[in-house]
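Here the structure is laid out as structure tokens; the discussion comes afterwards.
The values are calculated or read from the model by the stated rules, or taken from the named source; none is laboratory data. Computed from a predicted model, the values in this text were never measured in an experiment. Because the Cβ atoms are built from the backbone with ideal geometry, glycine has one as well, and the counts that use them run over all protein chains shown. Each accessible area value is taken on the protein alone, full model and side chains, heavy atoms only, with ligands, DNA and RNA left out. Shrake-Rupley method; radii C 1.70, N 1.55, O 1.52, S 1.80 Å.
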Amino acid sequence: MKVICVENEAAVGKEAARLISAMIRLKPDCNLGLATGTTPMTTYNELVRMYKEEGLDFSKVSTFNLDEYIGLDADHPQSYAYFMDEHLLSKVNIKKENTHIPNGKTLRVDRTCSAYDKKIEDRGGLDLQLLGIGRNGHIGFNEPGDKFVAETHQINLTDDTIEANSRFFECEEDVPRTAITTGMRSIMHAGRIVLIATGESKADAVHAMLYGEIIPQVPASLLQLHPEITVIVDRAALAGSSLADSLFSAD
Ligand code: F6R
């Protein structure tokens, strides 16, 4: 794992966008795996800026989002489909038909999940996967559990995730209890992974991901086995780790 520690959230976004834009320039028809949440917002802002000011071309790019809440329409303001439109997809020259997000309103969850995996595989897999990380070590909505799940699947969100994500909803009761998430296979098969984390609340999860045992109770720990992963964090997200001590000792 390569770890890049920068000053703050804005710098994390710039660095992640730099890696993603490099992929787009190298392979204009690349398949990007994308995440939602607070952390990637600065990355998407920077990609939109690069599109507007530097001509970064999304016209051949395809995107596959990691996850979606079950039960929310794509036009629900808290759905991840809505989030992606708001923060990136409607602001760059990507073709709508090249953007993919699991359908949270499906009546056949199993079929939707296997079709999603097949679509990613048929397109040759992901060239680059952008990930955030949950306070509990989840990636996508692969929550801590007894085993790593390879396929896209339905998941019951943990109390910690429901509580963490309630900030986007009017109250905790409104947070959907289930979601569809891509599994560990499409993530681990991505040619390159960029994981971003900011803030003190992620420090324990980042530490467990970097140094902990590879166990399904910390889904992100599996990333230790990926050959091409770059972790971009701000100082707060590294707080307390031995890596932070050595990185900051010169200050
Ligand atoms: C959402 C996703 C999640 C988030 C994680 C962190 O698509 O993949 O794993 O990355 O919950 O969320 P934020 O960035 O809101 O702290």
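Tabulated values for the structure
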| read-out | value |
| --- | --- |
| Unmet criterion (only one of (1) open to solvent by 10 Å² or more (accessible area, probe 1.4 Å); (2) within 16 Å of the ligand (Cβ to nearest atom)) for residue 34 | (1) |
| Subset of segment 40-73 (residues that are within 15 Å of the ligand (Cβ to nearest atom) and either under 25 Å from residue 117 (Cα atoms) or over 20 Å from the mean Cα position of the chain (by Cα) (or both)) | 40, 44, 63, 64, 65, 66, 67, 68, 69, 70, 72 |
| Conditions (1) closer than 26 Å to residue 237 by Cα; (2) over 14 Å from the mean Cα position of the chain (by Cα); (3) touching a residue at least 24 places away in the same chain (Cβ under 8 Å): number failed by residue 123 | (1) |
| Filter result (of a type in the set (Lys, Arg) and more than 21 Å from residue 26 (Cα to Cα)) within segment 189-240 | 202, 235 |
| Only one of 44, 51 that is outside any loop (DSSP other than H, G, I, E, B) and surrounded by fewer than 21 Cβ atoms within 10 Å (Cβ to Cβ) | 51 |
| Wholly enclosed strands (runs of 3 or more DSSP E) of segment 159-239 bearing at least 1 residues in contact with a Lys or Arg (Cβ under 8 Å, 6 or more places away or on another chain) | 229-234 |
| All positions within segment 158-177 that are open to solvent by less than 50 Å² (accessible area, probe 1.4 Å) and under 19 Å from residue 143 (Cα atoms) | 158, 161, 162, 164, 165, 166, 175, 176 |
| Among residues of segment 135-157, those that are in contact (Cβ under 8 Å) with a residue 40 or more places away in the chain, open to solvent by 50 Å² or more (accessible area, probe 1.4 Å) and touching a strand residue (DSSP E or B) at 6+ places or on another chain (Cβ under 8 Å), counted | 2 |
| Total residues in segment 126-176, condition farther than 19 Å from residue 210 by Cβ, of a type in the set (D, E, K, R) and within 12 Å of the ligand (Cβ to nearest atom) | 4 |
| Residues of segment 67-116 satisfying the condition of being of a type in the set (Lys, Arg) and either closer than 24 Å to residue 170 by Cβ or in contact (Cβ under 8 Å) with a residue 60 or more places away in the chain (or both) | 105 |
| Residue in segment 89-104 that is over 16 Å from the mean Cα position of the chain (by Cα) and within 13 Å of the ligand (Cβ to nearest atom) present | yes |
